[in-house]
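Sharing a structure with you now.
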Amino acid sequence: MAFVPLDALLDPMLIPIDGVVFAWEMDADQSHEIQPDQIDQALSDDSKSLWLHLNLSNTRVQGWLRQTPQIPESLKEAILDEVSRSRMETIEEFGDGLMMVMNDFRIGLTHSGDEEETGTLWAIMTPRLMLSLRAHPLMTTDTLRHLLRQGRITPKSVVALYHELIEERAVHLRRRTDQLSDQMDVLEEVLIKGDNLPEHETLGRLRITCSRLRRHYAPELTALRRLIRRRPTWFTDDDADKLREQIELLAFLVDEVNSLYERAKVLQDELSAHVAEFNAKNLQVLSVMTVIFLPMTLVTGVMGMNMEDLPGLEHSFFAVMVIMCGAGLAVYMGLKLKRVI
């Protein structure tokens, strides 16, 4: 069964108006934000392209999602099953649409340190429409919306908007790698000086952050590489070339994240070596102090023994000394046999 393209089927009146987070209209001359009640008019104009961003936490949107035939079943299943692994694939039977599942960072929800809560963006794209859905405010789409409103980006089509989306994700990853690299530079200087050593927890958080970034972006890089081999027919050669450039940039940044992860691991090992050396020096000081005070302790212990007042031990001082020496010799021989000393 052949499906009609999504932008030809979509009836905005069926979409709950209160579930529309953002709507942006684009054409060859200009692009601007529109109100939800203007979506119908924008879709009816073949010269217009549209980005619809929906809120999945809205119960009406959830009901519409389950009932509408205007979204591929594979995307519905991914949303309803909360599939979060990155996917970008062409759905030929659905008007050669592009389905996307993309991990992203939530806005306004951060844990201690550099840990960030993640969410998922689900989307379907056709030549004239990008329909995206999310359950929580996400960093990339929210940043993209602000850039559009400020006029800092002016995409003329859905494909151009898609490139801006991928570009923004690369910008965020570049910013995060620069921050992590700067933090590791500072920690490296501290380790070299050997003063005020950082806690293991600090380097541990950096390593976890690198691990999460790698786990976050590496599947997306794989999805983009698969997409370039089987891209939608409405992607032009220029679009494909630009996508290849973005893939190369993202691959470079993912490799940099891997390098930062290994660097954090090396710094952790270096910190462990410093801590071990510090503990060894403290133990050496304690050992030296013990050796210094051992003769004094021995003399005071021996000379402080008063056998005369103990029944049955009168005039047994030398016998007790022999027993003490014998016990010490026995312990020494036992350690020698065990090859402890």
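On a straight-distance basis, which lysines could pair with Lys336 in a cross-link, Cα separation under 24 angstrom, same-chain partners fewer than 8 positions away excluded?
Here the lysines satisfying the reach criterion relative to Lys336 do not exist.
Let me ask you something else. Suppose R0 equals 22 Å. What FRET efficiency, 1/(1 + (r/R0)^6) with r the Cβ-Cβ distance, do Ser272 and Asp185 give to the nearest 0.05?
0.65
List the lysines whose Cα lies under 20 Å from the Cα of Lys281, skipping any in the same chain that are fewer than 8 positions away.
Lys193
How would you classify the chain from its alpha-carbon gyration tensor, with a ≥ b ≥ c the square roots of the eigenvalues: rounded for a/c under 1.5, else prolate if a/b is greater than b/c, otherwise oblate?
Cα axes put the chain in the prolate bin.
Wrap a convex hull around the Cα atoms of the range 211-269, take a quarter of its surface area, and give that in square nanometres.
Result: a mean projected hull area of 4.1 nm².
Still on this structure: Return the loop-located GluC sites (Glu not before Pro) in the range 229-321 (DSSP other than H, G, I, E, B) with at most 16 other Cβ atoms within 10 Å of their own Cβ; answer none if there are none.
Glu308, Glu314
Taking the solvent-accessible surface of protein heavy atoms with a 1.4 Å probe, what is the per residue accessible area of the chain in Å²?
Heavy-atom SASA per residue in the chain reads 56 Å².
Within the accessible area of the chain, what % is carbon and sulfur when the probe is 1.4 Å and the other protein chains stay in place?
With neighbouring chains kept in place, the figure for the chain is 55 percent.
Volume per residue, Å³, of the convex hull around the alpha-carbon atoms of the range 108-253?
Residue-normalised Cα hull volume stands at 135 Å³.
Still on this model: Report, in deg cm²/dmol and to the nearest 500, the calculated mean residue ellipticity at 222 nm for the chain, where each DSSP H run with n ≥ 4 adds -39500 (n - 2.57) and the sum is divided by the residue count.
-19500 deg cm²/dmol
Right, something else. State log₁₀ I(q)/I(0) for the range 207-341 at q = 0.12 Å⁻¹ as given by the Debye formula over alpha-carbon point scatterers of equal weight, solvent excluded.
-0.78
Further question: What list of ³J(HN,Hα) couplings, whole Hz, do you get for the range 225-232 from phi and the Karplus terms 6.51, -1.76, 1.60, once you set θ to phi - 60° and write x for glycine and proline?
5, 5, 5, 5, 7, 9, 7, x
Which angle between 0 and 90 degrees, to the nearest 10, do you get for helix 237-303 versus the longest principal axis of the chain when only C-alpha atoms count?
It is inclined by approximately 10 degrees.
At what distance in nm do the modelled label points of Ala28 and Arg244 sit from each other, each positioned 7 Å from its Cα along Cα→Cβ?
Modelled inter-label distance: 2.7 nm.
Quick one: compute the contact order of the chain, relative version, from alpha carbon pairs under 8 angstrom and 6+ residues apart, as a percent.
This gives 15 percent for the chain.
Where does helix 139-150 land angle-wise versus the long Cα axis of the chain, in degrees 0 to 90, nearest 10?
It is inclined by approximately 50 degrees.
Looking at the range 237-290, I'd like the Rg to Rh ratio, where Rg is from alpha-carbon atoms and Rh is Kirkwood's inverse mean 1/r.
Using Cα coordinates only, the ratio equals 1.57.
Students often check this: by mean Cβ neighbours within 10 Å, which of 214-224, 133-143 ranks highest, and how do the rest follow?
Result, highest mean first: 133-143, 214-224.
I've got another one for you. Looking at the chain, what % of its DSSP beta bridges pair antiparallel, to the nearest 5?
Bridges in the chain that DSSP calls antiparallel: roughly 85 percent.
What nm distance separates the two modelled labels at Arg152 and Arg214, each placed 7 Å from Cα along Cα→Cβ?
Using points 7 Å along Cα→Cβ, the separation is 3.0 nm.
Also: Using 0.36 nm times the number of residues separating Lys265 and Val299, minus their current alpha carbon distance, what extension gain do you get?
Length difference between fully extended and current span is 7.1 nm.
Then there's this: Could the peptides 75-82, 55-62 be put in order, highest first, of the mean number of other beta-carbon atoms found within 10 Å of their residues?
55-62, 75-82
The values are calculated or read from the model by the stated rules, or taken from the named source; none is laboratory data. Everything numeric in this text was worked out from a predicted model, so none of it was measured. Note: ideal-geometry Cβ built from the backbone for every residue, glycine included; neighbour counts use all protein chains shown. Remember, those area values only see protein heavy atoms, side chains included, never the ligands or the DNA or RNA. Shrake-Rupley method; radii C 1.70, N 1.55, O 1.52, S 1.80 Å.
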